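Chemist: Can you read through this structure? Questions will come right after.
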Amino acid sequence: MACMLLLPLFSFAGKIVVSCLGTSITYGAGMYNREQNNFPRQLQYLLGNNYQVNNFGASGATLLQHGNRPYNQQPVYEKALQTKSDIIFLEFGTNDSKAVNRPYYNEFVSDYKQLITRLRSQHKPTSPRIILLMPVPAYLDDTASINDSIIRRDIQPMIRQVAYETGVEIIDLYPSFTGQKDLLPDQIHPSSIGAALIARRLYEAVTISPDKNYDIFTRLKMPVKTSSFYGYACADFTFNGRNCKVVKPRLVAKDKPWVWRARFWGHEPQTDIAMLERGYHIVYCDVAEMFGNPASIMLWNKFYALLTSNGLAKKTILEGMSRGGMYIYNWALANPEKVAAIYADAPVLDITRWPGHNGKGPGSNENWEIFKQQYQLTEAQAVQFNNSPLNNAAKIAKLGFPMLHVVGDADSLVLVSEHTTPFEQQVKAAGGNITVIHKPGIGHHPHSLANPRPIVEFMLAATGHKINFARKPIPAAEYRSAAGWKKDCGWWEQHADIDSLLLAQKGKLDIVFAGNSITQGTGGHRTKTTNRSGFSAFDSTFGRWNWECAGISGDRVQHLLWRFQHGNYAAAKPKVMVVTIGVNNFGDNDSAEEIAAGILDLVAWVRKNMPDTRLVLSGLLPTGFTTDDPRRIKYEGIQRILAAANHTGYTYLPLTGTFTDENGNLDTAAYAKDGIHLTGKGYRMWARALEPVVVGLLK
């Protein structure tokens, strides 16, 4: 462009303006209640009143100017240009994958750069943060239409090239939807629940606290060669004779956290890419096939000193795949105070079983000889080697850092039963903190997870960067008929139904039962639900009082808190309110601590805003049929925190004993097969357990 006409800018006084430019995915096409559930709208709810989020999505839009529907010819484009934005998200590429647009791929990079230049010029002298969103998957079979293989093979690399060459940020949405066709009901567009995932990810990006003045590349005093690592600048250099790499994020998180990849640089990079997006550096120092011997530890000590003396955090996250497990655990044993967490993937933990031949696997003659050479051992000494991580599991357990292992249960090279399982058992027996994610039917490869979210959240939590969304009040995005709702009655209709019932009975309500689908099953006077399996039990127990059901299927803690804050609960002034919430947060991988914190926020709000209402809090009902079920372990963790809280002004009523036998197992007759929802018997047991407490508060 030789000349660009600058348009007058419209601003939103005192607010941080976030503008979302894109396709029908941004617009919210095809989803239930588009106006409330498109991802820019859900982002608005998360960010709150200090932000203004604009939706400039256009259905069918292409980034390509010679595409079949160019975005720069759509009316919303001019509106976007005229809006003074602080942050701009660009979501393009999906429609560009159509066959009709493929002949113009030689123009894609230049067209995208031109759009970025236009947006930057329009905002001079300041420049907005510009963040490119990678397309979500597409599951259509029509190769002439939007095509997933084209998105992966052609569109993704071009977007990464644009990000690298323009210096803008990038967020890869693709992994979050991998293998989850239910989040894309028409195979292209995210559902309202899928849009909620996007909104959460964008919230993380908007609220990052960066160190804007830090650039590690300027601090490295040796010659470096810079290249692109999936759109991020990677510095290659030699240090102490070893090949090293440092990849820097576009925005550096404030305390400069970093992930140290031990081996197999660039293999299954999805976790590394996700951490770069979140402001973490990714580093590598090649110690080849040294198998974590003392010489490799000394080399790594010097590399660590180089990085931390140049500003990176004093504690690092160690990431080791396969034989990399030896490297990271041996270095951690020698440097425990320098380790924030360990992520080990199909890790070798007993060198005598791989590459050695003491186990059931095939071992590796070539690597066994390398191991003996690196450790200067004879065959007899090597066979008796007893300084592998498995031999030191009890010591490692006491070093204080959390560990995450990801393993394929069908691994025939590094058998889980010979490496991670005995290691996990010893670590737990010694009081250590280890989590193991099993991949049924998967062998040694592929490493990592197609959707690395559990790994990413583990790393974020270990370094204090994980956002607790259980404490972020927001309306829900649930819409599915399986929620026990009448046709075309989604979450917003359920919320409105409850609100109208509360308002109609203002000042007359004795009891309100608030929660999720379990509470929803009590029925009350709701008109838009189909499941009332608990009505008989609750009405026969509480029918002499004026009671109402305020449960909504799928609700998390944050959804109920939003309903309290924006609904008629305080205005209705019920005499007693029973709150049972939290189990749906399990599906979001929220920790016991996070869920409990959200529940206690809810309690604090009720006590402050509904002082005349007597609150009964059960937290959540027991879940997980046995005491060793991971869901039960999380449930018990939540209840321990709630039990230790200050109960002034409300009644804490855990119901573990109501639903479990003398061995702690759930009463199977009281629960559905999912170990969450109640049967008719379960509702009768619940009502009986609540009755003396609730009636006592009503007297």
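Chemist: Give segment 464-476 a look and list any residue that's surrounded by fewer than 19 Cβ atoms within 10 Å (Cβ to Cβ) and part of a helix (DSSP H, G or I), or say none.
Modeler: Scanning segment 464-476 gives a single hit, 471.
Chemist: Before we move on, is residue 633 in contact with a Leu (Cβ under 9 Å, 6 or more places away or on another chain) and either assigned to a helix (DSSP H, G or I) or of a type outside the set (Asp, Glu) (or both)?
Modeler: no
Chemist: Can you confirm whether segment 383-401 contains a residue that is assigned to a loop (DSSP other than H, G, I, E, B), surrounded by 18 or more Cβ atoms within 10 Å (Cβ to Cβ), touching a strand residue (DSSP E or B) at 6+ places or on another chain (Cβ under 7 Å) and of a type in the set (Phe, Trp, Tyr)?
Modeler: Yes - at least one qualifying residue is present in segment 383-401.
Chemist: When you go through (1) touching a Leu at 6+ places or on another chain (Cβ under 7 Å); (2) surrounded by fewer than 23 Cβ atoms within 10 Å (Cβ to Cβ) one by one for residue 587, which number turns out not to apply?
Modeler: (1)
Chemist: State whether the residues of segment 82-93 include one that is in contact (Cβ under 8 Å) with a residue 12 or more places away in the chain and farther than 21 Å from residue 168 by Cα.
Modeler: no
Chemist: In segment 570-581, which residue that is within 17 Å of residue 690 (Cβ to Cβ) and of a type outside the set (A, V, I, L, M, F, W, C) is surrounded by the most Cβ atoms within 10 Å (Cβ to Cβ)?
Modeler: 574
Chemist: Right, next: Take the residues in segment 402-412 that are of a type in the set (A, V, I, L, M) and in a strand (DSSP E or B), then tell me which one is farthest from residue 461 (Cα to Cα).
Modeler: 407
Chemist: Is it the case that some residue within segment 641-651 is farther than 26 Å from residue 553 by Cβ, touching a residue at least 40 places away in the same chain (Cβ under 8 Å) and either in a helix (DSSP H, G or I) or in contact with a Gly (Cβ under 8 Å, 6 or more places away or on another chain) (or both)?
Modeler: Checked against the condition, which is being farther than 26 Å from residue 553 by Cβ, touching a residue at least 40 places away in the same chain (Cβ under 8 Å) and either in a helix (DSSP H, G or I) or in contact with a Gly (Cβ under 8 Å, 6 or more places away or on another chain) (or both), segment 641-651 yields no hits at all.
Chemist: What single numbered condition from (1) touching a Gly at 6+ places or on another chain (Cβ under 7 Å); (2) in a helix (DSSP H, G or I); (3) hydrophobic (A, V, I, L, M, F, W, C) fails to hold for residue 193?
Modeler: (1)
Chemist: Follow-up. Going through 623, 627, 668 one at a time, which residue ends up being in a loop (DSSP other than H, G, I, E, B), surrounded by 19 or more Cβ atoms within 10 Å (Cβ to Cβ), at pLDDT 95 or above and in the same structural domain as residue 595 (by TED's automatic domain parsing)?
Modeler: Just one listed residue meets the conditions, 623.
Chemist: Count, please, the residues in segment 21-39 that happen to be of a type outside the set (Asp, Glu) and either modelled with pLDDT under 95 or surrounded by fewer than 24 Cβ atoms within 10 Å (Cβ to Cβ) (or both). Reasoning before the result, please.
Modeler: Of segment 21-39, the ones of a type outside the set (Asp, Glu) are 21-34, 36-39.
Subsequent filtering for residues that are either modelled with pLDDT under 95 or surrounded by fewer than 24 Cβ atoms within 10 Å (Cβ to Cβ) (or both) retains 24, 29-34, 36.
Number of matching residues: 8.
Chemist: Residues in segment 362-380 that are free of Cβ contacts under 8 Å to residues at least 24 places away in the same chain, assigned to a loop (DSSP other than H, G, I, E, B) and either acidic (Asp, Glu) or more than 14 Å from residue 326 (Cβ to Cβ) (or both): how many?
Modeler: Counting residues in segment 362-380 that are free of Cβ contacts under 8 Å to residues at least 24 places away in the same chain, assigned to a loop (DSSP other than H, G, I, E, B) and either acidic (Asp, Glu) or more than 14 Å from residue 326 (Cβ to Cβ) (or both) gives 4.
Chemist: Exactly one of (1) of a type in the set (Ser, Thr, Tyr); (2) free of Cβ contacts under 8 Å to residues at least 60 places away in the same chain; (3) farther than 30 Å from residue 197 by Cβ is unmet by residue 388. Its number?
Modeler: In the conditions (1) of a type in the set (Ser, Thr, Tyr); (2) free of Cβ contacts under 8 Å to residues at least 60 places away in the same chain; (3) farther than 30 Å from residue 197 by Cβ, residue 388 misses (2) alone.
Chemist: Among the residues of segment 596-621, which ones are of a type in the set (A, V, I, L, M) and under 19 Å from residue 675 (Cα atoms)?
Modeler: 620, 621
Chemist: While we're on this one: Looking at the structure I just gave you, is residue 255 more than 18 Å from residue 322 (Cα to Cα) and out of contact with any Gly (no Cβ under 6 Å at 6 or more places or on another chain)?
Modeler: Against the criterion (more than 18 Å from residue 322 (Cα to Cα) and out of contact with any Gly (no Cβ under 6 Å at 6 or more places or on another chain)), residue 255 qualifies.
Chemist: Check segment 44-58 and report whether any residue there is assigned to a loop (DSSP other than H, G, I, E, B), buried (at least 17 other Cβ atoms within 10 Å of the Cβ) and at pLDDT 95 or above.
Modeler: Step one: list which residues in segment 44-58 are assigned to a loop (DSSP other than H, G, I, E, B), which gives 48-50, 58.
When the remaining residues are screened for being buried (at least 17 other Cβ atoms within 10 Å of the Cβ), the result is 58.
Still in the list and also at pLDDT 95 or above: 58.
Within segment 44-58, one or more residues are assigned to a loop (DSSP other than H, G, I, E, B), buried (at least 17 other Cβ atoms within 10 Å of the Cβ) and at pLDDT 95 or above.
Chemist: Which residue out of 95, 37 is in the same structural domain as residue 139 (by TED's automatic domain parsing), over 21 Å from residue 149 (Cα atoms) and of a type outside the set (Lys, Arg)? I'd like the intermediate steps shown before the answer.
Modeler: On the way: 95 fails: over 21 Å from residue 149 (Cα atoms).
Testing whether each residue is in the same structural domain as residue 139 (by TED's automatic domain parsing), over 21 Å from residue 149 (Cα atoms) and of a type outside the set (Lys, Arg) leaves just 37.
Chemist: Please count how many residues of segment 160-180 are part of a helix (DSSP H, G or I), surrounded by fewer than 19 Cβ atoms within 10 Å (Cβ to Cβ) and touching a residue at least 60 places away in the same chain (Cβ under 8 Å).
Modeler: Result for segment 160-180: 1.
Chemist: For segment 413-431, state whether one or more residues are touching an Asp or Glu at 6+ places or on another chain (Cβ under 8 Å), part of a loop (DSSP other than H, G, I, E, B) and not aliphatic (A, V, I, L, M).
Modeler: Yes, there is a match, as at least one residue in segment 413-431 is touching an Asp or Glu at 6+ places or on another chain (Cβ under 8 Å), part of a loop (DSSP other than H, G, I, E, B) and not aliphatic (A, V, I, L, M).
Chemist: Show the residue pairs meeting these rules: Cβ distance below 6 Å; 6+ apart or different chains; first residue within segment 129-155 and in the same structural domain as residue 95 (by TED's automatic domain parsing) and surrounded by fewer than 18 Cβ atoms within 10 Å (Cβ to Cβ); second residue outside any loop (DSSP other than H, G, I, E, B) and of a type in the set (Lys, Arg).
Modeler: Final answer for the pair search is 139/181.
Chemist: Can you find a residue that is without any contact (Cβ under 8 Å) to a residue 24 or more places away in the chain and over 26 Å from residue 648 (Cβ atoms) anywhere in segment 511-519?
Modeler: Among the residues of segment 511-519, not one is without any contact (Cβ under 8 Å) to a residue 24 or more places away in the chain and over 26 Å from residue 648 (Cβ atoms), which makes the answer no.
Chemist: Next question, about the same structure. Can you give me the ranges of the helices (runs of 4 or more DSSP H) entirely in segment 477-546 with at least 2 residues that are of a type in the set (Phe, Trp, Tyr), within 20 Å of residue 575 (Cα to Cα) and not assigned by TED's automatic domain parsing to the domain that holds residue 182?
Modeler: Filter on segment 477-546 gives 535-542.
Chemist: Would you say residue 320 is among the small types (Gly, Ala, Ser), surrounded by fewer than 23 Cβ atoms within 10 Å (Cβ to Cβ) and either more than 19 Å from the chain's Cα centre (by Cα) or outside any loop (DSSP other than H, G, I, E, B) (or both)?
Modeler: The answer is no for residue 320.
Chemist: Quick test of your reading of the structure: residue 263 fulfils all but one of (1) under 20 Å from the mean Cα position of the chain (by Cα); (2) more than 23 Å from residue 200 (Cα to Cα); (3) in contact (Cβ under 8 Å) with a residue 60 or more places away in the chain. Name the failing condition by number.
Modeler: (1)
The values are calculated or read from the model by the stated rules, or taken from the named source; none is laboratory data. Fair warning: this is a prediction, and the values are worked out from it, not measured in the lab. Note that each Cβ is placed from the backbone with ideal geometry, even for glycine, and that neighbours are counted across all protein chains shown.
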